[in-house]
Amino acid sequence: MVLMCTLGITPVWMAGQDAGANASAKPPEHFYKLNLTLEDVNDAGKVVNTRTYVATIDTGTGTREIRTGARVPIVTGDAGNSSVTQWQYIDVGVNFDVREVKEQGEKLGFNLTADVSSIASDDGKASSAGGHPVIRSNKWQSTVLIPIGKPTVVFSADDLDSKGKMQVEVTAVKVE
C-alpha cells in the first residue's frame, strides 16, 4: 500500500512568479474632470478674456485631445488676372493634448501640450505686415504636477504687443 501525501507548499520558482504578477498589477483607473482655462491678462494683472475647455480624463494610458478652431482663408496672390485670386487656408485656434496621467498622492501629474494661435486683431498694433495678416502663436509642452481640486497656472507668456500676458490654468476634479 502506497500512501501519498500532498503538502501545501509552493515551489520557490512559482512563488516568485506570483509575487511578480501582483507587484506589476496596474493600479485601478480613476477619472477626473479636467478644466483647462486660457486667460488673457492685462498689464494691471486683471483677466480680460477667458476661454474654458473641459474634458474627462483617466489615469490609464493614451492621449486626450481637445481641438477647437477655424480654417481662415488668406489671400496669397493672383495669377495676373484680377478676377483670379489665390488663397491659402491657415488653421488657427486652441489645441490641448494630455498624456501619461498619473496620481501622485493628492496631486495629478501629466504631460500637457497647449498650442494657441490666432490672427492679430486690427487694433492698430502690428495687426498686419505689408497688408498681410499677422498670425500669433503660443505653444507650451511640459510635464505638470497640480494639486487635485485647486486651480493652478501651468503656463504663462508675455504678450509681445503689450505688458499683458496669456496663461493656461488647469483644475482637476476627481469624478466619484
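The values are calculated or read from the model by the stated rules, or taken from the named source; none is laboratory data. Not measured: the values here are computed from a predicted model. Glycine gets a Cβ as well: all are built from the backbone with ideal geometry, and neighbour counts include every protein chain shown.
The residue that is nearest to LYS46 (Cα to Cα), among those in the stretch 156-176 that are in contact with a Phe, Trp or Tyr (Cβ under 6 Å, 6 or more places away or on another chain) and modelled with pLDDT of 95 or more, is VAL168. Filtering VAL168, VAL173 for residues that are over 24 Å from ILE90 (Cα atoms), in a strand (DSSP E or B) and of a type in the set (Val, Ile, Thr) leaves a single hit, VAL173. Evaluate the stretch 71-83: report whether one residue or more is part of a loop (DSSP other than H, G, I, E, B), within 24 Å of VAL175 (Cα to Cα) and modelled with pLDDT under 95. No, the stretch 71-83 contains no residue that is part of a loop (DSSP other than H, G, I, E, B), within 24 Å of VAL175 (Cα to Cα) and modelled with pLDDT under 95.
Test THR56 against the criterion of being at pLDDT 95 or above, part of a strand (DSSP E or B) and in contact with a strand residue (DSSP E or B) (Cβ under 7 Å, 6 or more places away or on another chain), and give yes or no.
For THR56, the condition - at pLDDT 95 or above, part of a strand (DSSP E or B) and in contact with a strand residue (DSSP E or B) (Cβ under 7 Å, 6 or more places away or on another chain) - is not met.
The condition of being closer than 23 Å to GLU29 by Cα and modelled with pLDDT of 90 or more holds for only one of LYS139, LYS107, that being LYS107.
In this structure, does PRO11 turn out to be modelled with pLDDT under 75, within 24 Å of the chain's Cα centre (by Cα) and not small (Gly, Ala, Ser)?
Criteria not met by PRO11.
Checking each residue in the stretch 113-127 for being more than 30 Å from GLU100 (Cβ to Cβ) and either at pLDDT below 60 or of a type in the set (S, T, N, Q) (or both) picks out SER121, ASP123, GLY124, LYS125, ALA126, SER127.
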